[in-house]
Amino acid sequence: MTEIVREGYDTFDRTITIGAGGPLALVRHARPQAEALMDAACRQFTAPLVRAGDWRARHWLARAGNPYLPEIDAIAHALGRPGAHGLNLSYEWACTSGVAPDAGGAMVLRRTLDWPFHGLGRNTVVARRHSVAGPWLDITWPGFVGVFTALAPGRFAAAINQAPLRRRTGLMAADWLIDRVTVGRSTDLPPCHLLREVFETCRDYAEARNLLTTSPLCLPALFILAGAKASEGCIIERTEDAAAIVDAPAAIANGWLTPAFGRGTARGYDSPTRQCLLAACQAGPCDDLEWLQPPVANPYTRVAAVLEPAAGRLTLQGWERTGAATHILHLEAPN
């Protein structure tokens, strides 16, 4: 059973077991949350823009031969309304993430996801999934087929931050448009589809790190990866066909940490300060969500999470623009 989170501060009790059923099974279990997200999209962006985004997204997915297009089509058919295709290719978000050992030496991944999209925090669910590589917990939303934040107990935890906007012309609007054109010509996977493949197929940290480092992407991304062993943790900075790795302890927001890819325009709310604050917090005692302070927590924060792969433990809270929207969820899963 799942609980629909009402407006305001409420109990977070929405862990949903779907096994190998996939995202369509999640929609069937949590249709009210999926409907709420579609309603929010139409209110925020208008119905005509949602339909236009759907058309553009589906056209690209079909041209690229994306392996998850049939799932998105099935979700759209089940919901009987536009929104599923466009939302699945939406990447206008920012994040703050870090990976560092705790006092006992076990690697921990901390992260916030920031997105000026209303309803994400109160409609977040944890899907208990199972694939050939083993069980895992997907922090997600009904209707999404990719993976942004997840924990595979005893294997690894991982998350995605949006990479900085590459500086090509000096004009942000022009740089953004050039990037969109570049993505439109690609047939490679979006970062969140690659991360789903990692959780479904990789048996350990080494396999996950290799796949995230070498697989072609349709656009740049920042992957944060924590393993079940004390020595396993890194940030992987990615362009479409190259990678730079920063070993733990490290923290990142939405700018490059290394000079490998030149200069970029950091995204989101005060990215440099977010990165520095999380790096400082995780360098000392950092229990539960005590590190969640401004500007790491800001008006765009929608999800805050702590993932501990060795212990199989997850801490999670949904946020909206007015602050915390749910109670803190503590979840332990057997390895």
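The values are calculated or read from the model by the stated rules, or taken from the named source; none is laboratory data. Quick caveat: nothing in here was measured; it's all calculated off a predicted structure. Heads up, the Cβs are rebuilt from the backbone with ideal geometry, glycines too, and the neighbour counts pull from every protein chain shown.
Show the residue pairs meeting these rules: Cβ distance below 7 Å; 6+ apart or different chains; first residue within segment 284-313 and under 24 Å from G268 (Cβ atoms); second residue surrounded by fewer than 18 Cβ atoms within 10 Å (Cβ to Cβ) and of a type in the set (K, R).
P299/R321
Taking the criterion of being hydroxyl-bearing (S, T, Y) and at pLDDT below 90, would at least one residue in segment 54-70 satisfy it? Before the answer, list the steps.
So in segment 54-70, the residues hydroxyl-bearing (S, T, Y) come out as 68.
Going one step further and asking which of them are at pLDDT below 90, we end up with none.
Within segment 54-70, not a single residue is hydroxyl-bearing (S, T, Y) and at pLDDT below 90.
Output yes when any residue across segment 199-211 is farther than 25 Å from P23 by Cα and surrounded by fewer than 17 Cβ atoms within 10 Å (Cβ to Cβ), and no when none is.
yes
Which of the following residues is touching a residue at least 40 places away in the same chain (Cβ under 8 Å), farther than 24 Å from T17 by Cα and of a type outside the set (D, E): P101, P135?
P101
For segment 269-291, which positions are over 21 Å from the mean Cα position of the chain (by Cα), assigned to a helix (DSSP H, G or I) and surrounded by fewer than 18 Cβ atoms within 10 Å (Cβ to Cβ)?
Within segment 269-291, A280 is the sole residue that qualifies.
Can you pull out every residue in segment 167-193 that is in a helix (DSSP H, G or I), acidic (D, E) and under 21 Å from the mean Cα position of the chain (by Cα)? So that I can check it myself, show each step before the final result.
Our first condition is that a residue be in a helix (DSSP H, G or I); within segment 167-193, this holds for 172-185, 191-193.
Then drop every residue that is not acidic (D, E), which leaves 175, 179.
Of everything in segment 167-193, just one residue is in a helix (DSSP H, G or I), acidic (D, E) and under 21 Å from the mean Cα position of the chain (by Cα), namely D179.
Take the residues in segment 322-334 that are surrounded by fewer than 14 Cβ atoms within 10 Å (Cβ to Cβ) and part of a loop (DSSP other than H, G, I, E, B), then tell me which one is farthest from the chain's Cα centre (by Cα).
P334
Looking at segment 86-113, which of its residues are at pLDDT 95 or above and within 22 Å of R43 (Cα to Cα)?
L113
Which of the residues spanning segment 247-268 are buried (at least 18 other Cβ atoms within 10 Å of the Cβ) and over 16 Å from V108 (Cβ atoms)?
A253, N254, G255, W256, A266, R267, G268
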